[in-house]
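The values are calculated or read from the model by the stated rules, or taken from the named source; none is laboratory data. These numbers come from a predicted model, not from an experiment. As a convention, Cβ positions derive from the backbone with ideal geometry for all residues, glycine included, and neighbour counts pool all protein chains shown. In case anyone asks, the SASA skips ligands and DNA or RNA and just uses the protein heavy atoms, side chains included. Shrake-Rupley method; radii C 1.70, N 1.55, O 1.52, S 1.80 Å.
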Amino acid sequence: DQQYTTHSQAPILDLPITLAKEKRTAEQTIALICQKLNEKSKIPVTVNADAGNVRWRATVTVGGREAPARALLSRTLAAMGDHLSWRLLYDPSGVRYEFNVSGSSQ
């Protein structure tokens with residue numbers, strides 16, 4: 001904080017969220033997960049959907065009640081059928097997160 005005091009904070013992806021299990025594109029699902037994290041944490045979480053060679057339009061069926069966001073994201077990425085890597089970046093000056101996905105199709 002401003003006084004250089006260290007504070008413990010749980011990882012944002014460990015927050016439990018509820019997501020109705022229904023068919024959506026991977027892009028819609030990831031955006032919805034990030035929106036739910038934003039609502040729960042009060043810290044903006046955006047998605048970088050411009051990463052090349054990622055099948056954002058793949059149809060996925062992912063959901064859960066009070067499930068860790070990390071688990072829902074993992075299921076979504078696995079359902080996309082690509083070799084993917086992801087990063088969640090934190091910008092302390094802007095107090096926000098950005099979720100990036102990159103990879104290539106199999």
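Any idea which of (1) open to solvent by less than 50 Å² (accessible area, probe 1.4 Å); (2) in a loop (DSSP other than H, G, I, E, B) is the one Ser93 doesn't satisfy?
Evaluating Ser93 over (1) open to solvent by less than 50 Å² (accessible area, probe 1.4 Å); (2) in a loop (DSSP other than H, G, I, E, B) leaves (1) as the failure.
Could you list, in sequence order, the residues of region 52-83 that are among the aliphatic types (A, V, I, L, M) and surrounded by fewer than 19 Cβ atoms within 10 Å (Cβ to Cβ)? First the steps, then the outcome.
Looking only at region 52-83, we keep the residues that are among the aliphatic types (A, V, I, L, M), and these are 54, 58, 60, 62, 67, 69, 71-73, 77-80.
Of everything in region 52-83, those that are among the aliphatic types (A, V, I, L, M) and surrounded by fewer than 19 Cβ atoms within 10 Å (Cβ to Cβ) turn out to be Ala58, Ala67, Ala71, Ala78, Ala79.
Which count do you get for residues in region 18-74 that are closer than 15 Å to Val101 by Cβ, assigned to a helix (DSSP H, G or I) and without any contact (Cβ under 8 Å) to a residue 12 or more places away in the chain?
Result for region 18-74: 2.
Looking at (1) touching an Asp or Glu at 6+ places or on another chain (Cβ under 9 Å); (2) open to solvent by 60 Å² or more (accessible area, probe 1.4 Å), which one does Val45 not meet, given that it meets all the others?
Among (1) touching an Asp or Glu at 6+ places or on another chain (Cβ under 9 Å); (2) open to solvent by 60 Å² or more (accessible area, probe 1.4 Å), the lone unmet condition for Val45 is (2).
Mind listing whichever residues of region 8-42 are open to solvent by less than 10 Å² (accessible area, probe 1.4 Å) and β-branched (Val, Ile, Thr)?
Ile17, Thr29, Ile30, Ile33
Please find, among Thr76, Thr46, the residue that is of a type in the set (Ser, Thr, Tyr), farther than 30 Å from Thr6 by Cβ and within 11 Å of the chain's Cα centre (by Cα). Don't jump to the end; show me each part of the working.
Values: Thr46 fails: farther than 30 Å from Thr6 by Cβ.
Residue meeting the stated conditions: Thr76.
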